[in-house]
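Q: Structure incoming, see below.
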Amino acid sequence: YLKEVVPQAMPRLDTRLRQAWKAAGFDPLLLEEPTSLPTARFGNWVGGDRDGHPLVTAEVTKNALGRLHEEGLNLMHRQLDALVESLSLSQAQQEPPQYLLDAIEGMSVFSDKVPAYLHERPEPWRLFTALMRARLEATSAGDPAGYWRSHEVAADIALLRRSLRDIGAWRLGVVEASPAERAAISFGLHLASMDVRQNSGFHDRAVGQLLEAAGIADSNFADWSEEQRLAFLNAELKSPRPFAPRGARLGQEAKEAVECYQVLADHADKFGGEGLGSLIVSMTRSLSDLLA
């Protein structure tokens, strides 16, 4: 549903909204920009909701995040493929804006990844979209020059749409470019953000095991008073040092918690935080449960 059905439904909803807006007597130009329309974004808990479930491991969460990112890239590939097919405007009939030509020059690093015939044709709109597609392929290959943030893709499609508007091809921009831009905004490179959930009792045991690994005498964190817990956690959160270095022998809950959050930190370092949803602590009783 996330990779096929929902993305196909979204443009239809936008079309119906514009039709209803116009029928109600409102100015259609107010909804011309894709960012003027209501935006839907999607979330997912599959692969992230452990809540004490031992089979939802850090590896499962890592694989689920990777799968969502892979399908997000595939969706944007399809959007750009469609644009490459449809944007056949010729420079012989339409003078492209200089900023489009500058953008093409700025993406020249990907020129050798675009078929030669696209460079030979006087079709800068198609060429720019093909260069975008090549940059997205670079992302799939792990190339640092690829797209690593969804807003980068959305911004390039917005530039393409504006260039169509500025040459008078307004309808082509709305029908062809706007849906792709909307997809970049709604689904991005991550398709849907992942919620991660664990219960407070699990965290209590994990913190206790971390205290034990750090050599702290009173490691029975679950029995501490709320005042003691808050004082300790607030002080620790100001310190850059971890309780235990990577590779240290930890209790089961501590090991699972640290591995899970390391996966999330690694994902955020690589792709930013847009693919990460809420961190949910179930059975929360007090502030210290969230700080833990």
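The values are calculated or read from the model by the stated rules, or taken from the named source; none is laboratory data. Every value quoted in this text rests on a predicted model; they were computed, and no experiment measured them. All Cβ positions, glycine included, derive from the backbone under ideal geometry; neighbour counts span all protein chains shown. To get the accessible areas, we keep the full protein, side chains included, count just its heavy atoms, and leave off ligands, DNA and RNA. Shrake-Rupley method; radii C 1.70, N 1.55, O 1.52, S 1.80 Å.
Q: Look at LYS62 and say whether it is closer than 21 Å to PHE271 by Cβ, open to solvent by 30 Å² or more (accessible area, probe 1.4 Å) and in contact with a His (Cβ under 8 Å, 6 or more places away or on another chain).
A: When the stated conditions are applied, LYS62 passes them.
Q: Go through LEU101, LEU136, LEU118 for me and flag whichever is modelled with pLDDT of 95 or more and within 17 Å of GLU85 (Cβ to Cβ).
A: LEU136
Q: Let me ask something else. From the residues in segment 140-169 that are hydrophobic (A, V, I, L, M, F, W, C) and free of Cβ contacts under 8 Å to residues at least 24 places away in the same chain, which one is surrounded by the most Cβ atoms within 10 Å (Cβ to Cβ)?
A: Here the residue is ALA155.
Q: From the set of residues in segment 249-262 that are surrounded by fewer than 19 Cβ atoms within 10 Å (Cβ to Cβ) and touching a helix residue (DSSP H, G or I) at 6+ places or on another chain (Cβ under 6 Å), which is farthest from VAL207 (Cα to Cα)? Lay out the reasoning, then the answer.
A: Going through segment 249-262, the residues surrounded by fewer than 19 Cβ atoms within 10 Å (Cβ to Cβ) turn out to be 249, 251-252, 255, 259, 261-262.
Then drop every residue that is not touching a helix residue (DSSP H, G or I) at 6+ places or on another chain (Cβ under 6 Å), which leaves 251, 259.
Values: GLY251: 10, GLU259: 14 Å.
That would be GLU259.
Q: While we're on this one: With crowded, with 18+ Cβ neighbours inside 10 Å, touching an Asp or Glu at 6+ places or on another chain (Cβ under 9 Å) and not hydrophobic (A, V, I, L, M, F, W, C) as the only criterion, which of SER178, SER186 stands out?
A: Being crowded, with 18+ Cβ neighbours inside 10 Å, touching an Asp or Glu at 6+ places or on another chain (Cβ under 9 Å) and not hydrophobic (A, V, I, L, M, F, W, C) holds for just one of SER178, SER186, which is SER178.
Q: Among the residues of segment 171-186, which ones are within 19 Å of GLN91 (Cα to Cα) and either of a type in the set (D, E, K, R) or free of Cβ contacts under 8 Å to residues at least 12 places away in the same chain (or both)?
A: Answer for segment 171-186, where residues must be within 19 Å of GLN91 (Cα to Cα) and either of a type in the set (D, E, K, R) or free of Cβ contacts under 8 Å to residues at least 12 places away in the same chain (or both): ARG171, GLU176.
Q: Does GLY47 satisfy being closer than 30 Å to ASP143 by Cβ, in contact with a strand residue (DSSP E or B) (Cβ under 9 Å, 6 or more places away or on another chain) and touching a residue at least 12 places away in the same chain (Cβ under 8 Å)?
A: yes
Q: Give the residues of segment 112-139 that are of a type in the set (Gly, Ala, Ser) and either assigned to a loop (DSSP other than H, G, I, E, B) or in contact (Cβ under 8 Å) with a residue 24 or more places away in the chain (or both), sorted by residue number.
A: Result: ALA130, ALA134, ALA138.
Q: Right, here's the next one. Looking at (1) under 23 Å from ALA192 (Cα atoms); (2) touching a Pro at 6+ places or on another chain (Cβ under 9 Å), find the lone condition where LEU101 falls short.
A: Unmet for LEU101, out of (1) under 23 Å from ALA192 (Cα atoms); (2) touching a Pro at 6+ places or on another chain (Cβ under 9 Å): (1).
Q: Counting only residues that are within 19 Å of ASP195 (Cβ to Cβ) and hydrophobic (A, V, I, L, M, F, W, C), which one in segment 1-55 is surrounded by the fewest Cβ atoms within 10 Å (Cβ to Cβ)?
A: LEU55
Q: Also, I was wondering about something else. Test each condition in (1) at pLDDT 95 or above; (2) open to solvent by 40 Å² or more (accessible area, probe 1.4 Å); (3) in contact with a helix residue (DSSP H, G or I) (Cβ under 8 Å, 6 or more places away or on another chain); (4) not charged (D, E, K, R) for SER88 and report the one that comes out false.
A: The single condition SER88 does not satisfy is (1).
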